[in-house]
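Note sheet for the following structure.
Where a number appears in this text, it was derived from the coordinates with a stated rule and is not lab data. In this text the structure is predicted, and so the values were computed from the model without any measurement. Don't worry about glycine lacking a Cβ; one is built from the backbone with ideal geometry, like all the others, and counts go over all protein chains shown.
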Amino acid sequence: MDLFNEHGFNPRGDLGQNFLIDINIIEFIVEEAELTADDVVLEVGAGTGGMTTFMGVAAGHVVSVEYDNNMYGLAKAQTANFDNITLMNMDALKNKNQLAPEVIAEVQKQLDAKPGRKLKLVANLPYNIATPIISNLVATELPWARMVATIQLELAERMVSGPGTSKYGALAAWLQAQGKVKLIKRMPPTIFWPRPKVDSAVVKITPQPEKREKIVDRAFYHDFVRRAFQHRRKHLRSVVCGMYRKQTPKATIDACFVAEGLIPETRAEELEVAQLVSLSNSLKNAILPPE
């Protein structure tokens, strides 16, 4: 707060700026990331650069993205003595469905700098971009090895939710189909400045290649679960028929449901992630068979 007063800055609510002021939590996040000299870290939301410098000590390289010009200036000064920190003053997202190409290119450049490097997302994510940052990073082909991030508690609960619960949806189905998602710490508003109106959490996501490899077409699966859960309480067979009415007849959809052992009255919110993946694969192969 003193730093902000000194420069005459105020946190921007429109950017979801809530700064971690508990050093113990910052250390906890960095420890959970288990950083080594072989790691390239992607941090979105550098803030004043406090956690950035912690990671710069342990990681091979840190690519930190900060949208706000004022925060970028503070972080630039804080990290000036580190030659393994690249600070980017830009939006980390091209749009809600894609990371900025410049960010991906810089991360890839640092991964290619030394053999055997792997990527980790470690960040106090601004609340308003947490979902697209995590979801879109999973969608890339970047070799991410871990994600440790602070997000809203409600969002963390959605990520770890399962069938039959109110928070289970497309995000859980997308992430859990490709990795292990754990809520590792709940946090009160008091450890942030300014204090948010909601509780927060630290989530840790680790990739599970054996799961990911079972998805025939990840883009198709992503679109499938997103649209299926838009009508989570409707019968899934009816929803799917509407989704692909221009590509295939209802008889093909019915055949896929039979092959998967699903009754027409099944709802998306009732299916395990593995069942959603399997149904997506059947639909993809029936609607757009391999050439």
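In deg cm²/dmol and to the nearest 500, what is the mean residue ellipticity at 222 nm of the chain if only DSSP H runs of at least 4 residues count, each as -39500 (n - 2.57), divided by the residue total?
Calculated at 222 nm, the ellipticity per residue is -12000 deg cm²/dmol.
Specify which residue in the list Ala123, Ile287, Gln78 is farthest towards the positive end of the charge dipole of the chain, using unit charges on the beta carbon of Lys, Arg (+1) and Asp, Glu (-1), about the Cα centre.
Ile287
On a 32 Å Cα-Cα criterion, which of the cross-link pairs Lys214/Lys250; Lys182/Lys250; Lys76/Lys197; Lys76/Lys109 come out too long?
Correct reply: Lys182/Lys250.
Could you line up Asp68, Asp38 from fewest to most neighbouring Cβ atoms inside 10 Å?
If I rank by nearby Cβ atoms, fewest first, I get Asp38, Asp68.
Label segment 145-227 by shape, choosing from rounded, prolate and oblate, from the square roots a ≥ b ≥ c of the eigenvalues of the Cα gyration tensor; if a/c is under 1.5 it is rounded, and otherwise prolate applies when a/b is larger than b/c, oblate when it is not.
prolate
Report Rg/Rh for segment 218-287, rounded to two decimals, where Rg is the Cα radius of gyration and Rh the Kirkwood radius.
Expressed as Rg/Rh, it is 0.90.
Lys and Arg at +1, Asp and Glu at -1: add these up for the other residues within a Cβ distance under 13 Å of Glu141 and post the number.
Net charge around Glu141: +2.
Could the peptides 179-186, 233-240, 258-265, 58-65 be put in order, highest first, of the mean number of other beta-carbon atoms found within 10 Å of their residues?
58-65, 233-240, 179-186, 258-265
May I ask you to list the aspartates and glutamates whose Cα is less than 15 Å away from that of Lys185, ignoring any residue fewer than eight positions away on the same chain?
Asp22, Glu27, Glu31, Glu32, Glu154, Glu157, Asp199
What FRET efficiency do you get for Val258 and Asn97 if R0 is 30 Å and r is their Cβ-Cβ distance, rounded to the nearest 0.05?
0.35
Could you give the size of the charge dipole of the chain about its Cα centre, using +1 on the Cβ of each K and R and -1 on the Cβ of each D and E, expressed in debye and rounded to the nearest 20?
It works out to roughly 1160 debye.
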